[in-house]
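In what follows, a structure is listed as structure tokens, so that the remarks can point back to it.
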Amino acid sequence: MTGLQRIARAFAQAKAEHRLAVVPYLTVGYPDRASTRGLLAAAVAGGADVIELGVPFSDPLADGTTVQRASEVALAHGVTLADCLAEAKAIVDGYDIPVVLMGYTNSLLRYGFARVADDARAAGVAGVIVVDLPVEEAGPLDAALVPAGIARIELLAPTTTEDRIARIAGAARGFVYCVSLTGVTGARTELPPDVGAFVGRVRAKAAVPAVLGFGISTPEHVASLRGVVDGVAVGSAVINVVTNAAPAARAEALRTYVASLVAAGRS
Amino acid sequence: MTEGRGRFGEFGGQYLPETLMPAIFELERAWDEAQKDAGFKAELDRLLRDYVGRPTPLTDATRLAKAVGLRRVLLKREDLAHTGAHKINNAIGQALLARRMGKRRIVAETGAGQHGVATATVCALLGLECVVYMGTLDIQRQAPNVFRMKLLGAEVREASSGSQTLKDAINEAIRDWVTNVRTTYYLLGSAMGPHPYPTIVRELQRVIGAEARAQSQALLGRLPDLVSACVGGGSNAIGMFAAFLDDAGVALRGVEAAGEGVATGKHAATITAGSVGVLHGAKTLVLQDEAGQIIEAHSISAGLDYPGVGPQHAALAKSGRAVYVSITDQEALDAVSLLARTEGVICALESAHAIADLHRLGAEDGDRDVAVCLSGRGDKDLDTIIKRLGK
Ligand SMILES: Cc1ncc(COP(=O)(O)O)c(C=O)c1O
């Protein structure tokens, strides 16, 4: 099964079970290299539908302090894109679950787009989310990824204009990632009141499922999004759960947290 | 498939989060319209004349020329512009553009504090809200400028992540912009970042070269043989070069910061020692490791302490139209003293890099007239200079 097929299957299954797909994000190598695999296993055990692996970058200009700090820690441990691909392969092989990488253009450019495509396919990676690569600049990366059967996951923002939504969402592969707010990543106490309208405009144009991310942190947030969106991406809040638990209790804390999000998304 | 607009050869582009794309398109449109509006140009020219004090002089530095073994050295005196550096030329133009666009909140980054001071100044003049991001390390080494910005009514916010210098201040400014994009104008301080900034900043700094070109002609009866400037992000250099690009007989020379020496790894010589990467919205030359992580730059001069460079400079270096060299911290410090003692001008540490390079130009071939951009004055650096020269 290809990565893209795994994505389609994951969203179809969540839909059949009348719930939102849950997409936890974890920076590879946070809080240390050795724990990543166990934490990801815990997220899967908690019911994660898709795993987002954060590729640490030195200048994460779209990230708030939580992901910034996690990236700094990961980089201090020497984590590279090759390490992220190895983690991806381990989860895909172990759990037959879709995995997407999330990071910045320069990490991929330096590795070489063709090599990214080859190695991501070999690892079973379904897609990549590149936060500083808008559709206007994505041609060269797409030229490498498309033949390899890997999706470049499109991001849409509340500022994205109507015709741009139609153009981007209409051609999207895998799923579309709706950025809930104008701002950087980071857990928020409340979601913006207009997310429903925004996601609605995207869903009207997209042939693939829509995931909402940025700011989502509680089961209440997830519950409020039932029927609004197909899935939720949760990053900074996941990192906070890991940070706030004692080392021996981290995996269990993460499993419980992901399970609470999955339960909250059930209608 | 082709890549996006705003390219200088393979360099440039718009590598931004989707949230900012509509804003960057709006900026492109507003800039194009302003360019066609005679009223915009008239207002800008009036402020440059009556407020900034343009044209700045071109000083025939005879004692300096003798000391470095060149026939003639002409100093383009941006240190005499209001606020003490070339940065004001760009800040005024962009602040007028922001006002046209109906944005009343300005964010900016600053390294040496000169762009921050220029932006705070213009915001005071036009009655705009101003927030300036500055790295923790730069706040310490450019204390007088921090105080100036506050006195001018700006809020100075500390960028404490990463290298705590200019690169991190830019990250923070972009994070602010992405958060407040509907109300906020990002007033970028150098000829870098995503299209259309490198073009906007070049056009606003072109006045340096345009004046210098006419003044050289008046003084020498011809154009200089070589034009040089220091390069941080590259705005004073591209402004100086812009007017001479089509003059095949005029050599162009950019001077980067070699810090403690390029071989030590502690430097900011991006063109000399960098490789192709994407940083702060543009594909350009950057200092990076094998994995594409950006390496912290090092320079005694906060304004040159940046691991990237404007995309047009990357293209000019690649085509060979301009040549880029580098000067160490110590050479720059020595050049501050030399200029002070020969010409009675205390220059900024940034500009001192271009002055220091004159020795090499003189040694290579002294039979030349060289016009140098003296991008700023040295008041802000007195602490650093006293500490180092006192040793
Ligand atoms: C006096 C002076 N010169 C030069 C620079 C470097 O900037 P740029 O390369 O954009 O001219 C700075 C930056 O702060 C500066 O203050």
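Please work out if A:D194 is among the acidic types (D, E), over 28 Å from B:D289 (Cα atoms) and open to solvent by 20 Å² or more (accessible area, probe 1.4 Å). Taking the combined requirement at face value, the residue satisfies it. Hey, can you tell me all the residues within the range A:160-179 that are of a type in the set (G, A, S) and either within 11 Å of chain B (Cβ to nearest Cβ) or assigned to a helix (DSSP H, G or I) (or both)? A:A166, A:A169, A:G170 - these are the residues of the range A:160-179 that are of a type in the set (G, A, S) and either within 11 Å of chain B (Cβ to nearest Cβ) or assigned to a helix (DSSP H, G or I) (or both). Once the range B:7-49 is narrowed to residues that are open to solvent by 20 Å² or more (accessible area, probe 1.4 Å) and not in a helix (DSSP H, G or I), the residue that is farthest from the other protein chains (Cβ to nearest Cβ) is B:D37. Before we move on, is B:A85 within 12 Å of the ligand (Cβ to nearest atom) and at negative phi? Answer is yes for this residue. Counting only helices (runs of 4 or more DSSP H) that fall entirely inside the range B:302-391 and contain at least 1 residues that are within 13 Å of the ligand (Cβ to nearest atom), modelled with pLDDT of 95 or more and open to solvent by 20 Å² or more (accessible area, probe 1.4 Å), the qualifying elements are B:311-319.
Could you tell me whether the range B:215-226 includes any residue that is more than 11 Å from chain A (Cβ to nearest Cβ), within 14 Å of the ligand (Cβ to nearest atom) and open to solvent by 10 Å² or more (accessible area, probe 1.4 Å)? Checked the range B:215-226: no residue is more than 11 Å from chain A (Cβ to nearest Cβ), within 14 Å of the ligand (Cβ to nearest atom) and open to solvent by 10 Å² or more (accessible area, probe 1.4 Å). Among residues that are more than 11 Å from the ligand (Cβ to nearest atom) and either open to solvent by 50 Å² or more (accessible area, probe 1.4 Å) or on the phi > 0 side of the Ramachandran plot (or both), B:E203 is included.
When A:I129 is tested against the conditions (1) more than 12 Å from chain B (Cβ to nearest Cβ); (2) within 19 Å of A:G174 (Cβ to Cβ), the lone failure is (1). Candidates in the range A:141-159 are the residues that are open to solvent by 20 Å² or more (accessible area, probe 1.4 Å) and assigned to a loop (DSSP other than H, G, I, E, B); of these, the one that is farthest from the other protein chains (Cβ to nearest Cβ) is A:G149. Going through A:G46, A:G54 one at a time, which residue ends up being more than 27 Å from B:T19 (Cα to Cα), touching a Ser or Thr at 6+ places or on another chain (Cβ under 8 Å) and open to solvent by less than 40 Å² (accessible area, probe 1.4 Å)? From the options A:G46, A:G54, the qualifying one is A:G46.
Condition first: closer than 30 Å to B:L285 by Cα and out of contact with any Leu (no Cβ under 7 Å at 6 or more places or on another chain). Can you find one or more residues in the range B:43-64 that meet it? No, the range B:43-64 has no match at all. Considering the conditions (1) in a helix (DSSP H, G or I); (2) more than 10 Å from chain B (Cβ to nearest Cβ), A:A82 is excluded by exactly one of them, (2).
One residue stands out in the range B:161-187 among those that are among the hydroxyl-bearing types (S, T, Y) and within 8 Å of chain A (Cβ to nearest Cβ): the one that is farthest from the ligand (Cβ to nearest atom), namely B:T179. From the list B:G274, B:G239, B:G265, B:G261, the lone residue that is at pLDDT 95 or above and either open to solvent by less than 10 Å² (accessible area, probe 1.4 Å) or within 14 Å of the ligand (Cβ to nearest atom) (or both) is B:G239. Annotation: B:E256 fulfils all but one of (1) away from the ligand (no atom under 14 Å from the Cβ); (2) open to solvent by less than 10 Å² (accessible area, probe 1.4 Å); (3) among the acidic types (D, E); the unmet one is (1).
Scanning the range A:126-138 for residues that are within 12 Å of the chain's Cα centre (by Cα) and assigned to a loop (DSSP other than H, G, I, E, B) returns A:A126, A:V131. Mind listing whichever residues of the range A:57-79 are open to solvent by 10 Å² or more (accessible area, probe 1.4 Å), within 11 Å of another protein chain (Cβ to nearest Cβ) and among the hydroxyl-bearing types (S, T, Y)? Those that are open to solvent by 10 Å² or more (accessible area, probe 1.4 Å), within 11 Å of another protein chain (Cβ to nearest Cβ) and among the hydroxyl-bearing types (S, T, Y): A:S58, A:T65.
Results for (1) open to solvent by less than 10 Å² (accessible area, probe 1.4 Å); (2) among the polar types (S, T, N, Q); (3) in contact with a Gly (Cβ under 8 Å, 6 or more places away or on another chain), shown as yes or no for each residue.
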{"residue": "B:K87", "(1), (2), (3)": "no, no, yes"}
{"residue": "B:N90", "(1), (2), (3)": "yes, yes, yes"}
{"residue": "B:Q94", "(1), (2), (3)": "yes, yes, no"}
{"residue": "B:V107", "(1), (2), (3)": "yes, no, no"}
{"residue": "B:T110", "(1), (2), (3)": "yes, yes, yes"}
{"residue": "B:T119", "(1), (2), (3)": "yes, yes, yes"}
{"residue": "B:C123", "(1), (2), (3)": "yes, no, yes"}
{"residue": "B:G135", "(1), (2), (3)": "yes, no, yes"}
{"residue": "B:Q142", "(1), (2), (3)": "yes, yes, yes"}
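Scanning the range A:6-16 finds one or more residues that are more than 20 Å from A:L225 (Cα to Cα), open to solvent by 20 Å² or more (accessible area, probe 1.4 Å) and of a type in the set (K, R).
The values are calculated or read from the model by the stated rules, or taken from the named source; none is laboratory data. Given the structure is predicted, the values throughout are model-derived calculations rather than measurements. Reconstructed Cβ throughout: ideal geometry from the backbone, glycine too, with neighbour counts over all protein chains shown. Note: accessible area is taken over every heavy atom of the protein model, side chains too, but ligands, DNA and RNA are not part of it. Shrake-Rupley method; radii C 1.70, N 1.55, O 1.52, S 1.80 Å.
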